[in-house]
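Input: a single structure, listed below in structure tokens.
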Amino acid sequence: MGMKETQVTVNVNGKLHSLTVEPRLLLVHMLREKLLLSGTHIGCDTSQCGACTVLLDGRAVKSCTVLAVQAHEKTVTTVEGLGTMEQLHPVQEGFWEKHGLQCGFCTPGVMMTAVGLLQQNPHPTEAEIRHGLEGVICRCTGYQNIVRAVQYAASHTETSAIDSEVAAPDIVRDVIEGR
Amino acid sequence: MSGVFGSKVKRKEDPRLITGQGTYTDDVKLPNLAHAAILRSPYAHAVIKRVDVSKALEHPSVLAVFTGKDIVQKIGPIPTAWLPPDSDIKTTAHYALAIDKVRYVGDGVAMVVADDLYAAKDALELITVEYEVLPAVVNQEAAMGKMAPVVHEDAPNNVAFHWQAGDATDEMFANAPVHVSHRFVQQRLIPNAMEPRSSVAQYNASTGSLTMWLTSQNPHIHRLLLSGILGLPEHHIRILAIDVGGGFGSKIACYPDEALVGFAAMELGVPVKWTEERRENFLVTTHGRDMILDVEVAGEADGTLTAIRVHNIANMGAYLSTAGPGVPTILFGLIVPGAYRFAHAKVDVYGVFTNTTPTDAYRGAGRPEATYVLERIVDLFALELGMDPVEVRRKNLIGADEFPYHTALGLEYDSGNYQQSLDKALGMVKYEEFRQEQEELRSQGRYIGIGCTTYVEICGLGPSQVAGAVGFQGGLWESSTVRVHPTGKVTVFTGASPHGQGEETTFAQIVGDRLGIPIDDVEIVHGDTDRIAMGWGTYGSRTTPVGGNALAIAVDRVIEKARKIAAHMLEASEAEVEFQNGIFYISGHESGTVRQVTFQEVVLQAYLAWNLPAGVEPGLEGHSFYDPVNFVYPFGSHFCMVEVDRETGEIAILRYVAVDDCGRVINPMIAEGQVHGGIAQGIGQALWEGAVYDDRGQLLTGTFMDYAMPKAHFFPEFETAFTETPAPQNLLGVKGIGETGTIASTPAVVNAVIDALRPFGVRDLDMPLTPEKVWQAMQKGSVSA
Amino acid sequence: MIPSAFAYERASSIREAIELLRASGGEGKLIAGGHSLLPMMKLRLTSPDTLIDIAGVEGLRAVRVTGDRLTVGALLTHDQIMTNPLVREKLPILAETASQIGDLQVRNRGTIGGNLAHADPASDLPAVALALDANLQVVSVEGSETYAAEDFFLGPLITALPENSMLTGVSFAIPPAHTRGVYEKFAHPASGYAVVGVAAVIGVNQGQVNYIRVAITGAGDVPYRAHDVENTLLGRPLTPATISDAAKLAAEDGVMADDLFASAQYRAHLCSVYVKKALLRASRIE
């Protein structure tokens, strides 16, 4: 209300968007309301449920706790950009094969978290998968088939596919600088 | 039969859901869509002295602000649709927005409609309300006290209803050789479907028709109720529930906000959307459980159980929700005797108003509560006798040869083999070995325990005659239409309204199996009142036993008519024509001979209608309105093994073993998924979840930061198995599977923990079994020991 | 759950960030990852007029070792810290603690600077900051200052940070080579925050404890050093019995919180149990 709007340029699923937004606009609302990408869901207000998880510069983040302006000049991948029916991402394939979803509402966020998890740890143990899913809440599945879905994805993902998934140049640079 | 029935078919609903192409209510976008936000009472009990909306109206984006007084002449009160008989029920008026008094934190006071979501939320802060705060009451037993604050003037002592059933008498307990009693508390739970509730309404003034997208488990019930509330003819309302992100009972009720959104769209002439925030969901979407239960059993010294009675004080919250009164009465009471041969039973239930969120069905709805108290008191009974709890159960389980079995409360259990289930579970568990290990570890100061549940549940709601007799203000049959298209593809219209349970797949399996066509040739349509004749929705594990059988009957009617046409094409009599794997052929000739015609060829002829037999109409469609003759009674045996940390009271689940019997299994993968989810929710109640109010009626557990939802790392891998005892009273032989896990797991876990704590003399603990509670119990126990 | 409106500025240097803060007249706040601030803003528990985004400020993402201290730039995320080879080599306890913050998504976004400046009493990092004698580097209009961790955390969400200042980095003491540090946490089942979190560093020389730091977070309004535990063990042999004795004093230096999930009595008990757990693991007596 009355606050200066801000320009945001953001690459979403490979497409560049330039928008003028209220600074307080949450990334999740930019995706859902402005770009009409409704695959990313909102399940809570306190950064607990992870239904809104997307990749920001290749890393899984909760888009309800990121301002759209913070995504300026960054790359966002949502479930819509993960894979197509012709070429599903191994994580999508795993969720379908292993019955990793029921109502499907948390699923996009859980899948994006799983993509982030496998990128950071391509061959997780069952315990590592369960801990890696700390940031998501699913009320339907009891998680067992989600774990199986992630295991499926891990065993069906070529290492090269993970590397090329989404480049994370800033973070890589930072970490290298950090050394 | 094609073999597709009973096989692990991948779900048909998944492709859209894993690619982000689902249509949940909040995903619906319409031109000129306005957004609503609701101002909610911060007090549990207060008189509204004054509401000033003038500043909000000045906000440039605000289209309208409504208060209770503005709309009282325009929107009728929200009705209660379950009125238990002979219970003197007080259905006090529940207005969509409070008029002069708020009765719980979250009660709606005003609604803002703005052309932007953020502006609508901002404008809420511009409304001033002057309240006169009144004392509140949150505990149902306290609410019945003489000095308690009164929630509704027309309900003295806050009693909303009093319902009883059964014949067990005082003498049966007083004179019994063994008599065990205990008070159990079922804490309040918050269903927390991951999708918050949402409504979108669009009104066409020229036709007078209202379209609403709703997060509903039962769109036709919503249409019926909203028609009355909004004063709009039923045929001018269309309810759509396309993708619904879980319900667990919390999307059965018709809510004030839903009526408000429909009203606002009609009043303002623009489409209106309202979507709940999670914080709002915690406050206003119906809660579950919350019962205080005094339980007694009588038995013989040899371990035979003879009578049970339960006195239940149920917290109904501030208003009676749509199905709320049915939960602690019918759904709870009738199943109290469980899987055991009780000769007598008695249930006495008070439903009580308090200044809390209304309660209604939550996964299992009444049956988890009944099973909990039964399975817990059976353990206490075993303890009293010094018998092994498994032995006591085995001694009292209804025998496989006793079905149909008539219970002390008048139910007729359809089929079962409880011993087989128990034996199978025991085999998986290795019970004796566990008991030995338990002894050894105890001597080392480590405490492991095992608990079990041998449950039977009542589901597949239900025969409509019974529904009427028990006060449900609707039928419980289900409808199905099977529309065969000229090319042999099939669209099914079902009145059930699945929202995650997978019936787009299992129903396609039923059709594919019967018609001998690929399941990809079958589309299941649900959740649209314009396309589907009528239906009662999805809850009470009724979708497959009722909706699935309605579908099977409708498919068979298609086959019946197609057979007539096939006979005509084959120049044979109808009786000679057999149908298998999608082919009509003449008896005595196997498929592959010339005397056959495919289903698709017959369908085409039905539509071409060039040469139909006399008296047969063109087209091919099957309809059914199926009313079951009885409920169905799934059963099973669950075991949980835990270790309690002596130092912290933390509980580690070592193993969880579940053997369930839901009759014939259509899709083992989906059935197993239902069991997993149910177990997780049931364990959630046992160990982590619990809504807590303070004395002033403030919800202290109002976010996911405070209310502990189960996470992936809380659980081990569940070990599940099935036995298959066909349901004898329906065509498919199926029973429900959606709630068994929740019903069975809570007592199994608590029994295991109490078993682990036996050396400390702990008899019972109230759920959730938080580490501190367990630790305090061990501290006390070790002091007294 | 939408923040109140605010103006948004991007700072490209520390100096610019401080200038913008000053220009906001005390109504501005810095935002980096936003994982402490945005949840508060969404609940409208705080409504700054201006947000100054410091994510673009150069030079705040380095990890450096100077002498016996390791310095971490304020903008490093928890994930970057837990995976940084230098941190893992020199201060495994810091990597371990960072790996237990929030969840995978939160660790990808939340920064060490934001976390410490927010001073949530149940946050994990303050314990390790105390146990590693951390110095918090702060730049303000006045110039640069350093705060010892023990002087930094004043209360729940209250720190010694002066107005118009910015936390730019944290330097941690690298404990002597013969020591070992661990972080043990009893997590709240809903939030994942520490009900009690214990950071412990311990070293033994010639059969006696000659280096010990024990710090506790989550138990009360402020994180604290368990000096009584340290003093009891210092100069004594390290055995399960001496650890157990000392751990009994774990709550002595703190004021226990009392809430729905854990009473003060239980928290005090947990402090003892978790100090014992941490010391046993750090001593490799498990």
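The values are calculated or read from the model by the stated rules, or taken from the named source; none is laboratory data. Treat the numbers as computed from the prediction; the structure is a model and nothing was measured. Methodologically, a virtual Cβ is constructed for each residue, glycine included, from the backbone with ideal geometry; neighbour enumeration extends over all protein chains shown.
Scanning the stretch A:118-135 for residues that are within 7 Å of another protein chain (Cβ to nearest Cβ) and part of a helix (DSSP H, G or I) turns up A:130, A:131, A:132. Do we have any residue at all in the stretch B:121-129 that's surrounded by 15 or more Cβ atoms within 10 Å (Cβ to Cβ), outside the structural domain of residue B:280 (by TED's automatic domain parsing), over 26 Å from residue B:323 (Cα atoms) and of a type outside the set (Lys, Arg)? Taking every residue of the stretch B:121-129 in turn, none turns out to be surrounded by 15 or more Cβ atoms within 10 Å (Cβ to Cβ), outside the structural domain of residue B:280 (by TED's automatic domain parsing), over 26 Å from residue B:323 (Cα atoms) and of a type outside the set (Lys, Arg).
Condition check ((1) touching a Phe, Trp or Tyr at 6+ places or on another chain (Cβ under 7 Å); (2) surrounded by fewer than 24 Cβ atoms within 10 Å (Cβ to Cβ); (3) over 23 Å from residue B:607 (Cα atoms)) across all residues:
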| residue | (1), (2), (3) |
| --- | --- |
| B:501 | no, no, yes |
| B:518 | no, yes, no |
| B:529 | no, no, yes |
| B:534 | no, yes, yes |
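Restricting B:421, B:415 to residues that are surrounded by 15 or more Cβ atoms within 10 Å (Cβ to Cβ), within 30 Å of residue B:558 (Cβ to Cβ) and not assigned by TED's automatic domain parsing to the domain that holds residue B:550 narrows the list to B:415.
In the stretch C:67-74, the condition of being facing another protein chain (nearest Cβ under 8 Å) and either at positive phi or out of contact with any helix residue (DSSP H, G or I) (no Cβ under 7 Å at 6 or more places or on another chain) (or both) is met by at least one residue.
Tally up the residues in the stretch B:307-321 that are β-branched (Val, Ile, Thr) and in contact with a Phe, Trp or Tyr (Cβ under 7 Å, 6 or more places away or on another chain), please.
Within the stretch B:307-321, residues that are β-branched (Val, Ile, Thr) and in contact with a Phe, Trp or Tyr (Cβ under 7 Å, 6 or more places away or on another chain) number 2.
When the stretch C:7-47 is filtered for residues that are in a loop (DSSP other than H, G, I, E, B), of a type in the set (A, V, I, L, M, F, W, C) and surrounded by fewer than 22 Cβ atoms within 10 Å (Cβ to Cβ), the ones remaining, listed by number, are C:11, C:43, C:45. Considering the conditions (1) more than 22 Å from residue B:24 (Cβ to Cβ); (2) not in a strand (DSSP E or B), residue B:279 is excluded by exactly one of them, (1). For the stretch B:222-247, a residue qualifies if it is in contact with a helix residue (DSSP H, G or I) (Cβ under 7 Å, 6 or more places away or on another chain), small (Gly, Ala, Ser) and part of a helix (DSSP H, G or I), and exactly one does: B:227.
When the stretch A:75-95 is examined, which residues are found to be touching a helix residue (DSSP H, G or I) at 6+ places or on another chain (Cβ under 8 Å) and either touching a residue at least 40 places away in the same chain (Cβ under 8 Å) or of a type outside the set (A, V, I, L, M, F, W, C) (or both)?
Hits for the stretch A:75-95 are A:76, A:77, A:78, A:79, A:83, A:89, A:90, A:91, A:92, A:93, A:94, A:95.
In this structure, residue B:539 does not satisfy being in contact with a Ser or Thr (Cβ under 7 Å, 6 or more places away or on another chain), among the hydroxyl-bearing types (Ser, Thr, Tyr) and buried (at least 24 other Cβ atoms within 10 Å of the Cβ). If the condition is being within 13 Å of chain A (Cβ to nearest Cβ) and not in a helix (DSSP H, G or I), then the stretch B:653-683 contributes B:653, B:656, B:658, B:667.
Among the residues of the stretch B:1-60, those identified as of a type in the set (S, T, N, Q) and facing chain A (nearest Cβ under 10 Å) are B:19, B:21, B:23. Among the residues of the stretch A:42-60, those that are within 7 Å of another protein chain (Cβ to nearest Cβ) and within 27 Å of residue B:701 (Cβ to Cβ) comprise A:43, A:44, A:45, A:46, A:47, A:48, A:49, A:50, A:51, A:53.
Among the residues of the stretch B:187-211, write down those that are closer than 21 Å to residue B:539 by Cα and not in a loop (DSSP other than H, G, I, E, B).
B:188, B:189, B:198, B:199
The one condition from (1) within 22 Å of residue C:78 (Cβ to Cβ); (2) assigned to a loop (DSSP other than H, G, I, E, B); (3) more than 7 Å from chain B (Cβ to nearest Cβ); (4) in contact (Cβ under 8 Å) with a residue 24 or more places away in the chain that residue A:115 does not meet is (2). Return a yes/no flag: does the stretch C:218-225 have any residue that is over 30 Å from residue B:701 (Cβ atoms) and surrounded by fewer than 16 Cβ atoms within 10 Å (Cβ to Cβ). No; the residues of the stretch C:218-225 include none that is over 30 Å from residue B:701 (Cβ atoms) and surrounded by fewer than 16 Cβ atoms within 10 Å (Cβ to Cβ). State yes or no: is residue B:126 hydrophobic (A, V, I, L, M, F, W, C) and without any contact (Cβ under 8 Å) to a residue 40 or more places away in the chain? So residue B:126 fails the test.
Report, by residue number, each residue of the stretch B:404-442 that is of a type in the set (Phe, Trp, Tyr) and free of Cβ contacts under 8 Å to residues at least 24 places away in the same chain.
Result: B:405, single match.
Every residue, every condition in (1) farther than 30 Å from residue C:197 by Cβ; (2) buried (at least 24 other Cβ atoms within 10 Å of the Cβ); (3) touching a strand residue (DSSP E or B) at 6+ places or on another chain (Cβ under 8 Å), yes or no:
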| site | (1), (2), (3) |
| --- | --- |
| B:616 | yes, no, no |
| B:633 | yes, yes, yes |
| B:643 | no, no, yes |
| B:724 | yes, no, yes |
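Might you let me know whether the stretch B:654-666 holds any residue that is at pLDDT 95 or above, surrounded by 23 or more Cβ atoms within 10 Å (Cβ to Cβ) and outside the structural domain of residue B:398 (by TED's automatic domain parsing)? Among the residues of the stretch B:654-666, not one is at pLDDT 95 or above, surrounded by 23 or more Cβ atoms within 10 Å (Cβ to Cβ) and outside the structural domain of residue B:398 (by TED's automatic domain parsing), which makes the answer no.
Remark: residue B:397 matches the filter, which requires a residue to be in contact with a helix residue (DSSP H, G or I) (Cβ under 6 Å, 6 or more places away or on another chain) and within 26 Å of residue B:167 (Cβ to Cβ). Restricting attention to the stretch A:60-110, the residues being of a type outside the set (Gly, Ala, Ser), more than 12 Å from the chain's Cα centre (by Cα) and under 30 Å from residue C:7 (Cβ atoms) number 8. Screening the stretch C:80-125 for residues that are polar (S, T, N, Q) and assigned to a helix (DSSP H, G or I) and picking the one that is nearest to residue C:38 (Cα to Cα) gives C:115. Selection of the stretch B:698-712 for residues being out of contact with any Lys or Arg (no Cβ under 9 Å at 6 or more places or on another chain), more than 7 Å from every other protein chain (Cβ to nearest Cβ) and buried (at least 21 other Cβ atoms within 10 Å of the Cβ) yields only B:699.
Is it the case that the stretch C:57-73 has a residue that's in contact with a Ser or Thr (Cβ under 6 Å, 6 or more places away or on another chain) and small (Gly, Ala, Ser)? No, the stretch C:57-73 contains no residue that is in contact with a Ser or Thr (Cβ under 6 Å, 6 or more places away or on another chain) and small (Gly, Ala, Ser).
Please specify each residue of the stretch A:136-160 satisfying the condition of being touching a residue at least 12 places away in the same chain (Cβ under 8 Å), assigned to a loop (DSSP other than H, G, I, E, B) and within 12 Å of chain B (Cβ to nearest Cβ).
A:136, A:137, A:138, A:139, A:140, A:141, A:143
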